[in-house]
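Worksheet: the structure to be examined is printed underneath.
The values are calculated or read from the model by the stated rules, or taken from the named source; none is laboratory data. These numbers were taken from a predicted model, which means no experiment stands behind them. Virtual Cβ from ideal backbone geometry, glycine too; neighbours counted across all protein chains shown.
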Amino acid sequence: MSGERQTGSKLAAALDMSWKEMSWLLMGLLTAIALHAAPNVTWLGTFPEHWNLPIAAWTNAVLAPVVVGLQGATRILSQIIGAPMSAGRALLYWTPWSTVTLAFFLLAYWTAGLRTACFTLASFLYIVSVGFWTPTMNTIAQIGLAIPIAILLGFAIGTLAARYPRLNTATQAGLDFMQTIPTFAYLIPILLLFGFGPVVGLITSIIYAMPPMIRNTILGLQRVPPELRESGRMSGCTPLQEFWWVRVPAATPQLLVGLNQTTMAAFSMIIIASVIGGSQDIGWEVLSTMRKAQFGESLAAGVVIAVLAMILDRISCGFTNRYVHGDQIHTNRHFWAASMVALIASVVIASLVPSLWVWPDAWVIRPAAPLDTAVEWITVNYGATLTSLKTIAFYYFLLPLKIGLAQAVTPMTWGFSFDGPVQIGYWAVAALAVGAAAVYSGRTAASIIAAMAILLFYGTTGIPWPVFIAIITLGAYQAGGFPTAAFALLAQLFILVSGFWPAAMLSVYLCVAAVAICIVIGVSLGAAAANNDHLSALLRPINDSLQTIPQFVLLIPALMFFQAGDFTALIAIILYAIVPAIKYTEAGLRNVSPSSVEAGLALGCTKRQMFWQVRLPQAVPEILLGVNQTIMYALAMLVIAALVGTTDLGQEVYIALGKADAGSGLVAGISMALIAMIADRVLQNAASSRKAALGLPV
């Protein structure tokens, strides 16, 4: 009986393997037929417009009566929320700049120590000295209201989700959607409901910043040890006492992580929300000067955003780290009493010394002119080099990926035509590469090489839509089985019939280009940092700064030297998305099992063999998670890159925002979210499968 079961298991495994291999062969055959027929069958190459479904129009038809019905209540809510924000602005306007600076200095010292306090002091002196004090106070007034509300609402929702499993399931699905939908898509329905003005940015930032707090609240409360809860009940605690006296204190470290993430998300969204205008905050200063090509002024304002982000990050992280590690924080009444005396004294002194109350105009430093001069000098002296770099990248990398080698390779740019003999040679090399990969690396590597060969030949905009859908769906099946494949298929069909397929392929093109460069550079730097502590120490503050600085600011240096276009967007996306590739690669290589390393050394492996045959294979699951995060970051940055003239889904969302077209904006935003979710599910499953194959905990 046991032998029959073993035989049956082996037969089932063999059939399953045959099916997986046959599915790729069948897909390859159908792909070849579709590619051959596409030039003569119009609908294969371009999805007919009359097949599209008016999903955007349906969405507008559903939302219109909802917006009309809710506008009265939302406008009242807008006034209620706007009142404390206006009061906060008025208070900050009235308070002497020296007192505000001292207050932030003391806050930074209390939470993160003297070094952060000194950085905060220098940053606020820069802000007031370059003339951006009022816009900065507008931003701080919004942050000061958005963060507490987002934390309280996030904590409440997270608590309920942790208490009720069914609600938790629905909440997790909603959070996945909220954290993948583009930032601009948040603004459209809120703009319709709440009208024009700074309150829109405030409400949007609250909604956008809640997911991290919700997730960390659920995680923290669920991880409270059962024996700790049992001890609370045995001590006679009521359910309410057990929650506040046992579970919340035990979950506090995780809650503080949520506080940090919520703080940074709220700040980032407030800056992005300035695109609608009316807020007169520091984000609007950056955007308005960028639109006028006043790059010196834009860069000076961008530095303000960067230092504000760093201050908020260091204060919240400092508080979290000190609590988690049990360090003493200045909580005694003497510190607080001294702080209050110092703040009151600063107001009194400022009333006697006017320059400490309002920074004199004569003292304002105008860095825009020298910065513009520096940019002009670089452009004049190195303009030819920068233009050559942009041209090479466009004609030899971006354009082939966009429209395919078949159209991009011309005698004018490449020096030869991509005609019959060259195409035969291309496919012969591709076939040899696929065959070699199948023999030496397995069908997964062979499938990836085959898909890349097709993509390079036709480009993301030239590949027939049935072929693209088939490749992604089958890849999703191989990675995660039927549920993942079904989701990938339905998601792609939604994008297709909604009419946003061409824009989606442009998003895929820019995302693939940026992620490919991030993988090459990021994985290389991460691998080098894993073997060199000095390089790791050098990269750490750079990575932290790139992750802390809002996406908005990363557009400025790229736009200064390369003007608007896809190459400018590519640079900004790389700057924002490269950090996960570096961090996860370094972490994966540093955390390889010591027993595996010892086994390699015992077998006499050289350093190169140890890296390629022991450490790197063990680190692949972590690297895949880094690639996953890189894709998420790239797609998030694509929406912001719409400001520099891309023509993808991000631009569709931006155009819809300008027209207050909720239907088009939401459908385009959902399409981008679906692309992110497909990539996330495929790579998460691939990483889990790789971990299982290595015998690592999943």
Residue satisfying all of: in the range 272-289; over 21 Å from the mean Cα position of the chain (by Cα) and modelled with pLDDT of 75 or more; nearest to Phe562 (Cα to Cα) among these | Thr289
Starting from the range 457-480, keep only residues that are free of Cβ contacts under 8 Å to residues at least 40 places away in the same chain, then list their pairs with residues that are in a helix (DSSP H, G or I) and crowded, with 22+ Cβ neighbours inside 10 Å whose Cβ atoms are within a distance under 6 Å, requiring at least 6 positions of separation or different chains.
-> Ile469/Gln492; Thr473/Ala488
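When you scan the range 526-608 for helices (runs of 4 or more DSSP H) that lie fully inside it, which ones turn up with 1 or more residues that are loosely packed, with under 15 Cβ neighbours inside 10 Å, assigned by TED's automatic domain parsing to the domain that holds Lys691 and touching a residue at least 24 places away in the same chain (Cβ under 8 Å)? Let's see the steps before the verdict.
On the way: elements: 533-548, 551-562, 566-590, 594-602.
Ranges flagged: 533-548.
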Screening Gly201, Gly220 for residues that are within 25 Å of Val66 (Cα to Cα) and either within 21 Å of the chain's Cα centre (by Cα) or not aromatic (Phe, Trp, Tyr) (or both) leaves only Gly201
May I ask you to list the residues in the range 28-60 that are farther than 30 Å from Ile448 by Cα and in contact (Cβ under 8 Å) with a residue 60 or more places away in the chain?
-> Glu49, Trp51, Asn52, Leu53, Ile55, Ala56, Ala57, Trp58, Thr59, Asn60
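Looking only at the range 578-586, decide whether some residue is within 25 Å of Ala513 (Cβ to Cβ), at pLDDT 85 or above and in contact with a Cys (Cβ under 6 Å, 6 or more places away or on another chain). Quick ask: steps written out before the conclusion?
Restricting attention to the range 578-586, the residues satisfying the condition of being within 25 Å of Ala513 (Cβ to Cβ) are 578-586.
After this cut, where a residue has to be at pLDDT 85 or above as well, the list is 578-586.
Those left that are additionally in contact with a Cys (Cβ under 6 Å, 6 or more places away or on another chain): 578, 581.
For the range 578-586, residues within 25 Å of Ala513 (Cβ to Cβ), at pLDDT 85 or above and in contact with a Cys (Cβ under 6 Å, 6 or more places away or on another chain): present.
Kindly indicate which of Gly435, Gly499, Gly459, Gly475 is more than 30 Å from Ser664 (Cβ to Cβ) and of a type outside the set (S, T, N, Q). Quick ask: steps written out before the conclusion?
Details: Gly499 fails: more than 30 Å from Ser664 (Cβ to Cβ); Gly459 fails: more than 30 Å from Ser664 (Cβ to Cβ); Gly475 fails: more than 30 Å from Ser664 (Cβ to Cβ).
None of the others qualify; the one that does is Gly435.
Anything in the range 34-47 that is assigned to a helix (DSSP H, G or I) and surrounded by 12 or more Cβ atoms within 10 Å (Cβ to Cβ)? List them, or say none.
Taking the range 34-47 first, the residues assigned to a helix (DSSP H, G or I) are 34-37, 42-45.
Answer for the range 34-47, where residues must be assigned to a helix (DSSP H, G or I) and surrounded by 12 or more Cβ atoms within 10 Å (Cβ to Cβ): Ala34, Leu35, Ala37, Trp43, Leu44, Gly45.
Restricting the search to the range 387-402, which residues are β-branched (Val, Ile, Thr) and either in the same structural domain as Ile574 (by TED's automatic domain parsing) or farther than 18 Å from Val512 by Cα (or both)? Spell out how you get there, then give the answer.
Quick first cut of the range 387-402, residues β-branched (Val, Ile, Thr) only: 387, 391-392.
Of everything in the range 387-402, those that are β-branched (Val, Ile, Thr) and either in the same structural domain as Ile574 (by TED's automatic domain parsing) or farther than 18 Å from Val512 by Cα (or both) turn out to be Thr387, Thr391.
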How many of the residues making up the range 358-393 are under 27 Å from Leu102 (Cα atoms), at pLDDT 90 or above and within 32 Å of the chain's Cα centre (by Cα)?
-> 0
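In the range 85-94, is there at least one residue being assigned to a helix (DSSP H, G or I), more than 22 Å from Ile206 (Cα to Cα) and out of contact with any Cys (no Cβ under 6 Å at 6 or more places or on another chain)? Reasoning before the result, please.
The first filter runs over the range 85-94 and keeps only residues assigned to a helix (DSSP H, G or I), leaving 85-94.
The next check asks that each one be more than 22 Å from Ile206 (Cα to Cα); those that pass are 93-94.
Next cut, out of contact with any Cys (no Cβ under 6 Å at 6 or more places or on another chain) only: 93-94.
Checked the range 85-94: at least one residue is assigned to a helix (DSSP H, G or I), more than 22 Å from Ile206 (Cα to Cα) and out of contact with any Cys (no Cβ under 6 Å at 6 or more places or on another chain).
One line per residue, one yes/no per condition, for (1) surrounded by 11 or more Cβ atoms within 10 Å (Cβ to Cβ); (2) on the phi > 0 side of the Ramachandran plot; (3) at pLDDT 85 or above:
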{"position": "Ile305", "(1), (2), (3)": "yes, no, yes"}
{"position": "Cys317", "(1), (2), (3)": "yes, no, no"}
{"position": "Gln328", "(1), (2), (3)": "no, no, no"}
{"position": "Leu356", "(1), (2), (3)": "yes, no, yes"}
